[in-house]
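Take a look at the structure set out below.
The values are calculated or read from the model by the stated rules, or taken from the named source; none is laboratory data. None of the values given here were measured: they were computed from a predicted structure. Please note: Cβ atoms are built from the backbone with ideal geometry, for glycine as well, and neighbour counts cover all protein chains shown. These area figures cover heavy atoms from the full protein model, side chains too; ligands, DNA and RNA do not enter into them. Shrake-Rupley method; radii C 1.70, N 1.55, O 1.52, S 1.80 Å.
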Amino acid sequence: MLVKTFQAGEMSEALRMVKAEMGLDAMILSSKKERKKGFLGFFSKPYYEVTAALEPRQPQPRHNPYREEAPPAPPERELSTREEFQNSMLGPLAREVRELKQRLEALSKKEAAAPREPLQPMQPATEQGAETPAPRTFAKEELEEIKKLLYSAVSGKEKEPRLVSFPLAGGGSASETTQAKSMAAQLQQQLEVLSVPSLPPVKETTLVEEVREAKQSVRASQGELLLDALAAELQGEDVGPAAIELLMEAIRPAARGGAGIGELRNLMADALAGMIKCSGSLRIKKTGPRIVAVVGPTGVGKTTTIAKIAALYALNRRVSVAMVTMDNFRVGAVEQLKTYAKIMDLPLEVAGNSQELGKALARHSDKDLIMIDTAGRSPKDTERLDELKGYLEAHNGIDVYLCLSATTRTREIDEIIATFGTLPITKLLFTKLDESRSLGCIVDTYLKHKVPLSYFSTGQKVPEDIEVASSRKLAALVVQESTR
């Protein structure tokens, strides 16, 4: 169990540190308020100390390229062909045939040592009235028993079928097969010499088919075990049951065909990438500005994300950009965006209602891109959401991007989308990928709601920590595919 102590000026900040570093499964062991020693006992500042513990989960979280994590454990060694053969049914079969051969040879030697007389049927009565019985076939009961045992061993018809792994080539298994067939043929020849009814010949094709079926059965069983292991890995990435079932069905034929764990991971990543649709980067229109409004709950990083996109197009692509803020509720929101606008030398408009928004859009109709920042709305504040909906629908051509945090649980994301769904949402934008322990919530969100992904924000740096959403990149991060 991992135990760690966190200190912060506010209790909420300390809890946030626990959540960011140890995740949602961390247990709070103790919390207390302390004071730092000041000068001569004066000016002491209070702080909060929280002690948390975390029980390691199975399987352990996978590597996130945006965070430093421990390397994965080495894979377990696979059984060699020889080791698989030792667990197969051919080894016991060969030993049983050799034992029967030894018993038969012992009986043959015993018969050779006895006086040989021609076998005759019962003679009629002699003159004295006595009958002379014909000599009995030697060891007939024993040979009958050997015949039954031999037939059972060679034909392989056991009462309880066993799951075996028998390769037809490699590791000495082919020579063992030839040796067993040769022993069976020799035993049948000796039985014919001793006047014992011969066994029906063992068809070589039947043996090969049974071995092939057994091998296919083992491959199928091994494939199901690999599928279970991959499903457990996806669960560790917080991928939902529905998405896991879709991915397992996509790779099940390859798993039953004998594909290894690395190949299955690559196939699963391909399948996942094919299920997710991304919109790509913003496309600048040839006529009129591209207008994008970013909406979402409080604290997801809308303002910083707008500054990143504006800087990406204004500084890197030399596109004319203007910014508009409608966030009059949060303290310091306008000043934050003004600071970004001053650094990037971009115009900034403040709009408090639909009329002011229309005037701001008209003043910058000559721009290539206009980014609109909105105030964070609680999913439960339906009145303000309806007000925002009226603002946006009053003006044509506005693309609405819903901003979500990758640290939010899937159930909460579903509630947010259900509430903000009253707005004309066209794209999803995920932030804080660097703070998230897993990215399965992004997969579940798309598969449930089918809204294209636009951008991934991976840090606080402007404009470096943002990238265009890619289904291939997301699949690789979730599946942790092996090197191709």
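Just a few scattered comments:
- Accessible area (Å², 1.4 Å probe, nearest 10) - Arg103: 110
- Long-range HN-HN contacts of Tyr47 with modeled amide H, under 5 Å: Glu34, Arg35, Lys36
- Rolling a 1.4 Å probe over the protein chains gives Ser12 an accessible area of about 90 Å².
- Length gained on full extension, Glu335 to Glu99: 75.7 nm, using 0.36 nm per residue less the C-alpha separation.
- Assuming charge only on the beta carbon of Lys and Arg (+1) and of Asp and Glu (-1), the dipole of the stretch 255-314 about its Cα centre is about 360 debye to the nearest 20.
- Only protein heavy atoms count here; under a 1.4 Å probe, Leu230 has an accessible surface of about 0 Å².
- Karplus 3J(HN,Hα) series, Hz, for the stretch 464-469 with 6.51 cos²θ - 1.76 cosθ + 1.60 (x for Gly, Pro): 5, 8, 8, 8, 5, 5
- Here the simple spin-label model places points 7 Å from the Cα toward Cβ, and for Ala220 and Ser30 these points are separated by 5.9 nm.
- Relative contact order of the stretch 300-357, taken over Cα pairs closer than 8 Å and 6 or more residues apart, is 34 percent.
- Distance in nm between pseudo-label sites at Gln235 and Leu2 (7 Å out along the Cβ direction from Cα): 2.1
- Residues with amide H under 5 Å from that of Phe430, placed H, sequence gap 5 or more: Leu404, Ser454, Tyr455, Ser457
- Residue-wise HN-Hα coupling along the stretch 247-255, computed from phi with Karplus coefficients 6.51, -1.76, 1.60 (Hz; x: Gly, Pro): 5, 5, 5, 5, 10, 4, x, 5, 5
- Among the listed pairs Lys33/Lys448; Lys342/Lys450; Lys359/Lys380; Lys285/Lys342, those whose Cα-Cα separation exceeds 32 Å are Lys33/Lys448; Lys342/Lys450.
- At most 14 other Cβ within 10 Å, DSSP loop - trypsin sites (Lys or Arg not before Pro), the stretch 220-293: Lys277, Arg283, Lys285, Lys286
- Within-12-Å neighbourhood charge of Ser354 [Cβ basis; K, R +1; D, E -1]: -1
- Linear extension gain, Arg16 paired with His395, 0.36 nm per residue minus alpha-carbon span: 132.6 nm
- Given charges at Cβ of Lys, Arg, Asp, Glu: the stretch 371-484 dipole, positive-most of Thr408, Ser454, Leu477: Leu477
- Amide H contacts of Gly240 (H built 1.01 Å from N, under 5 Å, at least 5 apart or other chain): Asp444
- Treating each Cα of the stretch 352-484 as one equal point scatterer and applying the Debye formula with no solvent, the log10 of I(q)/I(0) at q = 0.11, 0.22 Å⁻¹ comes out as -0.47, -1.41.
- For the stretch 309-401: relative contact order, % (alpha-carbon pairs under 8 angstrom, 6 or more apart): 32
- Accessible-area ranking of His395, His364, His449, largest first, probe 1.4 Å: His449, His395, His364
- Put a dot 7 Å past the Cα of Ser320, heading toward its Cβ, do the same for Gln480, and the two dots end up 5.0 nm apart.
- Of Lys461, Lys432, Lys4, the residue with the largest accessible area leads and the full order is Lys461, Lys4, Lys432 (1.4 Å probe).
- By accessible area with a 1.4 Å probe, ligands and nucleic acids excluded, highest first: order of Ile425, Ile306: Ile425, Ile306
- Across the stretch 411-428, coupling constants 3J(HN,Hα) worked out from phi with the 6.51/-1.76/1.60 Karplus curve, θ = phi - 60°, read 4, 5, 4, 4, 5, 5, 5, 4, 6, 6, x, 5, 7, x, 5, 10, 9, 10 Hz, and Gly and Pro carry x.
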